[in-house]
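What follows is a set of notes on a single structure, which appears directly below.
No value in this document is a laboratory result; all are computed from the given coordinates. All figures in this text were calculated on a predicted structure; none of them were measured in a lab. Neighbour counts are summed over all protein chains in view; Cβ atoms, including those assigned to glycine, are modelled from backbone coordinates with ideal geometry.
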Amino acid sequence: MLVDTTSIMLLVVGGIVILMIVIGAGVILIQRTGATRRNSSDAKSLSSSSRPRSGTYVPPAAAPPLRPPTAPPNPHVTTIPPRSVAWGSGTSGVTAPEVTKPTLDLRGQLEQELAKLRSNGYSAIALNRRSNPEEYCLQVRVNRSQGENVSIHLICPRSYPMTPPTLVSTIEVLNNHGEIAEQQLALESKLIQVWKPDTSLFAIINEVFNQLPYAQPNQTPPAAEPIFSRYPDRIA
């Protein structure tokens, strides 16, 4: 009876061991099969994703390369071609040089100033000339508020109007011999001090005329010879 029980136990234990071995082997087989299937599925998925898709997908065009901005043009350089001037006579299609109006000579300019003074109320006016050196003297005679006779002289050299005129204003007085003489007045012109070639003599006469009531004789002794008499050639 004892022998039979031991045999049965050994059979049971051996069966359990065999069963465990079979189950373990089955589990290992199942794991290997699953791993193989996963690897195969991953390989198929990778291969399908690596294949180009069929459809309307178009990759974007490559961007243009960056370039530096264009340098601004030189403002001191012009692209206008030089103008050609053709010289000729009596032919068509000839570009003639521009004709400029001749400038007035010195006498013509002074005669215009003379006319401007007369048209603005100055009546006792004279313009004389001398030849050596060539100078012109414009004289305007007026009366001061006290009744004295005053002569305003504007002496213009040959280089006028590039060179300003010389201003000499005189008043009639009696000298030590009881003779009528000219005494110079202490008068100055700011227009002559800041002279410009387009300054008019009419403006200078107006400037001096407004100073006459307050002008005093300077230190120069009276002269018996009038300044205007040094210019014998009558112009106007």
Original post:
So how strong a dipole does the stretch 106-215 carry about its Cα centre when Lys and Arg Cβ are +1 and Asp and Glu Cβ are -1, to the nearest 20 debye?
Top reply: 300
**OP:** Could you order peptides 226-232, 174-180, 195-201 by the average number of other Cβ atoms within 10 Å of their residues, highest first?
**Re:** 226-232, 195-201, 174-180
Subject >> D (Stokes-Einstein, µm²/s), Kirkwood Cα radius, the stretch 106-215, 1.002 mPa s at 20 °C >> reply: 147
